[in-house]
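I have placed the structure first, in the form of structure tokens, so that the comments after it can refer back to it.
The values are calculated or read from the model by the stated rules, or taken from the named source; none is laboratory data. Predicted, not measured: the structure shown is a model, and the values here were computed from it. Virtual Cβ from ideal backbone geometry, glycine too; neighbours counted across all protein chains shown. The protein model used for the area step is the full one, side chains on, heavy atoms only, and it has no ligands, DNA or RNA in it. Shrake-Rupley method; radii C 1.70, N 1.55, O 1.52, S 1.80 Å.
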Amino acid sequence: MNKITGLVAATFAAYHEDGSINLDIIPAIVDKMIADGLAGVFICGTNGEGPNLKTEERMAIAEAYVKAAKKRILVLVHVGHSSISECRKLAAHAEQIGADAISSVAAFYFKPATVSSLVKCMAKIAAAAPNTPFYYYNIPTLTGVALDMVSFLTLAEDAIPTLAGIKYTASTLHEYQACLNYKDGKFDILFGYDEMLLSALAVGAKGAIGSTYTFAAPIYHQVIKLYNEGKRELAAKWQLHSVNMVRCLVKYPPIPAQRAIMQIKGLELGDCRLPLEPLSAKDTQAFKAELTEIGFFDLVS
């Protein structure tokens, strides 16, 4: 698999009114991501509420995305779970249906305490899909696993034959840069902090995965375009639009707030699953007013 360039949207789970997963909306989501110029979708991850879904539901979602994508856009399937056995089931299934890549977080209840242990876990998972590129999903703020990623690459490059790189969702840019440059850029290190995309571009990022690309891709396309044209001040102004949007967003629970944006923009995803709770009608209106005030909807239209 070649390195991924551009933006990959971490898409959201969709539910019917009775709480069951909504597969019918997935073709519309895929078509929107393609129309927005995205390179791929990352499914069943944090924003896709992977840990809140049953294994069978995750498999059904993956099948629906691969079918809808028809190779027009990359489909990266998150297979992380607190049980390595379930991870392996999900990984094997993703390969069977033709997913473009798989990814996994570290176990988040009983956690790997060393880089060696983490590599053993990821190798076990990746081995269940021996022909599919594998990305370790580094997101220490949620998993509580904050291990050195250069050391991970050093051990994992031999232990995981399918290792493609890391989905790097952390703000430690110095480590991110070190990973990018490991063995002259051997691995694909995809950046995962949307509001810091410009900073990542400055140290060499070429690809990124993020939740806000699902509904705010035009902002980030401008950041990348202007940066590549050498118009750094203008790129910084466009990145500030992302920062301002995120500053509004984090006043509320982040995933429910982003789902509210999707609803405002015309994609009804249903209510998220407990322990996540949707924004109240009052909070949704207040949030929409704040986004309108900063010109967000004009910027992404």
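If I ask for residues that are under 18 Å from the mean Cα position of the chain (by Cα), open to solvent by less than 40 Å² (accessible area, probe 1.4 Å) and under 23 Å from Ser151 (Cβ atoms), which ones from the range 97-119 would you list? Give the steps one after another, and end with the answer.
Narrowing the range 97-119 to residues under 18 Å from the mean Cα position of the chain (by Cα): 99-108.
Of the ones still in play, those that are also open to solvent by less than 40 Å² (accessible area, probe 1.4 Å) are 99-107.
If the condition is that a residue be under 18 Å from the mean Cα position of the chain (by Cα), open to solvent by less than 40 Å² (accessible area, probe 1.4 Å) and under 23 Å from Ser151 (Cβ atoms), then Ala101, Ile102, Ser103, Ser104, Val105, Ala106, Ala107 are the ones that fit.
Table: residues versus (1) β-branched (Val, Ile, Thr); (2) out of contact with any strand residue (DSSP E or B) (no Cβ under 7 Å at 6 or more places or on another chain).
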residue: Ile73; (1), (2): yes, no
residue: Leu76; (1), (2): no, no
residue: Ser83; (1), (2): no, yes
residue: Gln96; (1), (2): no, yes
residue: Ala106; (1), (2): no, yes
Checklist line | Out of Ala127, Ala123, Ala94, sole residue that is open to solvent by 50 Å² or more (accessible area, probe 1.4 Å) and not basic (Lys, Arg) | finding: Ala127
Next item on the list: State all residues of the range 76-91 that are open to solvent by less than 40 Å² (accessible area, probe 1.4 Å) and of a type in the set (Val, Ile, Thr); if no residue qualifies, say none.
Entry: Val77, Val79
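So which residues in the range 199-214 are under 19 Å from Ala126 (Cβ atoms) and in a loop (DSSP other than H, G, I, E, B)?
Step one: filter the range 199-214 for residues under 19 Å from Ala126 (Cβ atoms), giving 209.
Correct list: empty.
State yes or no: is Leu118 touching a His at 6+ places or on another chain (Cβ under 8 Å) and in a helix (DSSP H, G or I)?
no
Would you mind finding the one in Asp31, Asp24 that is part of a helix (DSSP H, G or I), without any contact (Cβ under 8 Å) to a residue 60 or more places away in the chain, surrounded by fewer than 18 Cβ atoms within 10 Å (Cβ to Cβ) and over 16 Å from the mean Cα position of the chain (by Cα)? Spell out the reasoning first.
On the way: Asp24 fails: part of a helix (DSSP H, G or I).
Of Asp31, Asp24, the one residue that is part of a helix (DSSP H, G or I), without any contact (Cβ under 8 Å) to a residue 60 or more places away in the chain, surrounded by fewer than 18 Cβ atoms within 10 Å (Cβ to Cβ) and over 16 Å from the mean Cα position of the chain (by Cα) is Asp31.
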Notebook entry, point to check: Ala13 fails exactly one of the following numbered conditions: (1) of a type in the set (A, V, I, L, M); (2) touching a Leu at 6+ places or on another chain (Cβ under 9 Å); (3) farther than 28 Å from Pro161 by Cα; (4) not in a loop (DSSP other than H, G, I, E, B). What is the number of that condition?
Noted result: (4)
Item checked: Matching residues, the range 94-116, being touching a helix residue (DSSP H, G or I) at 6+ places or on another chain (Cβ under 6 Å) and either over 18 Å from Leu163 (Cα atoms) or among the basic types (Lys, Arg) (or both) -> Ile97, Phe108, Pro112
Checklist line | Test: residue in the range 244-261 that is touching a strand residue (DSSP E or B) at 6+ places or on another chain (Cβ under 7 Å) and surrounded by 14 or more Cβ atoms within 10 Å (Cβ to Cβ) | finding: no
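Matching residues to (1) touching an Asp or Glu at 6+ places or on another chain (Cβ under 8 Å); (2) of a type outside the set (A, V, I, L, M); (3) open to solvent by 50 Å² or more (accessible area, probe 1.4 Å); (4) assigned to a helix (DSSP H, G or I):
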position: Val145; (1), (2), (3), (4): no, no, no, no
position: Leu197; (1), (2), (3), (4): no, no, no, yes
position: Ala217; (1), (2), (3), (4): yes, no, no, yes
position: Leu226; (1), (2), (3), (4): no, no, no, yes
position: Lys237; (1), (2), (3), (4): no, yes, yes, yes
position: Ser242; (1), (2), (3), (4): yes, yes, no, yes
Next item on the list: Within the range 251-301, work out how many residues are at pLDDT below 95 and β-branched (Val, Ile, Thr).
Entry: 2
Item checked: Among (1) in contact (Cβ under 8 Å) with a residue 12 or more places away in the chain; (2) small (Gly, Ala, Ser); (3) more than 23 Å from Glu175 (Cβ to Cβ); (4) assigned to a helix (DSSP H, G or I) - the single one Ala123 does not satisfy -> (3)
Margin query: Name the single residue that is most open to solvent (accessible area, probe 1.4 Å) among those in the range 153-189 being acidic (Asp, Glu) and either modelled with pLDDT under 95 or closer than 18 Å to Leu118 by Cα (or both).
Written below: Asp158
Next item on the list: Output yes when any residue across the range 53-75 is in a strand (DSSP E or B), open to solvent by less than 30 Å² (accessible area, probe 1.4 Å) and under 22 Å from Tyr213 (Cα atoms), and no when none is.
Entry: yes
Margin query: Contact list please: Cβ distance under 6 Å, first residue in the range 194-207 and of a type in the set (Asp, Glu), second residue not in a helix (DSSP H, G or I), pairs at least six apart or on different chains.
Written below: Asp194/Gly210; Asp194/Thr212
Checklist line | Test set (1) small (Gly, Ala, Ser); (2) in contact (Cβ under 8 Å) with a residue 60 or more places away in the chain; (3) open to solvent by 40 Å² or more (accessible area, probe 1.4 Å); (4) part of a loop (DSSP other than H, G, I, E, B) - Gly19 fails condition number | finding: (3)
